[in-house]
Amino acid sequence: NRMNRGMPRTYPQRISEVLRATGGVGEQRTRIVDLYLRNGRGNELFFEMKSPKPNKGQCLEATDRLLQIHAIRRASPPKVRTYYAMAYNPYGTSRAGYKHSFTMRYMDMKNQVLIGKEFWDLVGGQGTYQAVLEIYREVGREKGPDMIDQLALGY
């Protein structure tokens, strides 16, 4: 396990270590993320939007990209927050039910990962997740019969 070989154990500890290492003058860099938000207080949120079942490499690469954001911005939470975000939880509605082994082994589930409702409500405010689900259901009700016809009749 990579975390047991001298790496800090929590994501906030990793951020602190990266910021200590980037204290001097460095080169200018750019990093593209999937979603960037800035709130009214000027705090920045960066999200890597990924599959809820990533492989080991995806976990490590996403963590590396997120830590690079902290190095580039030279800031830690709350000024800069970075997350691995999943739009939904394939294991049910509760975080406790999430059981994907690579994510749980290579990411800090408490401080780095947002799943389903946590992500949507952080991005859009409380109730956003329910609103997204309702939109999904409405589209399904309206478009579902036509999609079934297309599949059955091949047009």
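The values are calculated or read from the model by the stated rules, or taken from the named source; none is laboratory data. For clarity, every value in this text was computed on a predicted model and none was experimentally measured. Positions of Cβ are backbone-derived with ideal geometry, glycine not excepted, and every protein chain shown enters the neighbour counts. Side chains are part of the model used for accessible areas, which takes the heavy atoms of the whole protein and leaves out ligands, DNA and RNA. Shrake-Rupley method; radii C 1.70, N 1.55, O 1.52, S 1.80 Å.
Using just its DSSP H runs of length 4 or more, each adding -39500 (n - 2.57), the chain gives a mean residue ellipticity at 222 nm of -14500 deg cm²/dmol after division by all residues. Spin-label pair Lys110-Glu134: with each label point 7 Å from Cα along the Cα-Cβ axis, the two points sit 3.5 nm from one another. Protection proxy ranking, highest mean first, for peptides 77-87, 95-105: 77-87, 95-105, where packing is the per-residue count of other beta-carbon atoms within 10 Å, averaged.
Subtracting the Cα-Cα distance of Glu142 and Lys99 from 0.36 nm times their residue separation leaves 12.2 nm of extension gain. Which label marks the calculated value of semi-axes √(5λ) of the Cα gyration tensor in Å, given the options (i) 37, 17, 11; (ii) 30, 16, 13; (iii) 34, 19, 15? Computed from these coordinates, semi-axes √(5λ) of the Cα gyration tensor in Å corresponds to label (iii). Ranked by the mean number of other Cβ atoms within 10 Å per residue, highest first, peptides 55-68, 129-142 order as 55-68, 129-142.
Computed over protein heavy atoms with a 1.4 Å probe, the carbon and sulfur contribution to the accessible area of the chain reaches 53%. A straight Cα-to-Cα reach below 29 Å connects Lys143 with the lysines Lys50, Lys53, Lys117, residues fewer than 8 places away in its own chain not being considered.
Would you mind giving the three semi-axes, in whole Å and largest first, of the ellipsoid equivalent to segment 90-142 according to its Cα gyration tensor?
On the way: eigenvalues 125, 39, 11 Å².
In descending order, the three semi-axes are 25, 14, 8 Å.
In the full protein context, segment 53-155 carries 61 Å² of accessible surface per residue, based on a 1.4 Å probe and ignoring ligands, DNA and RNA.
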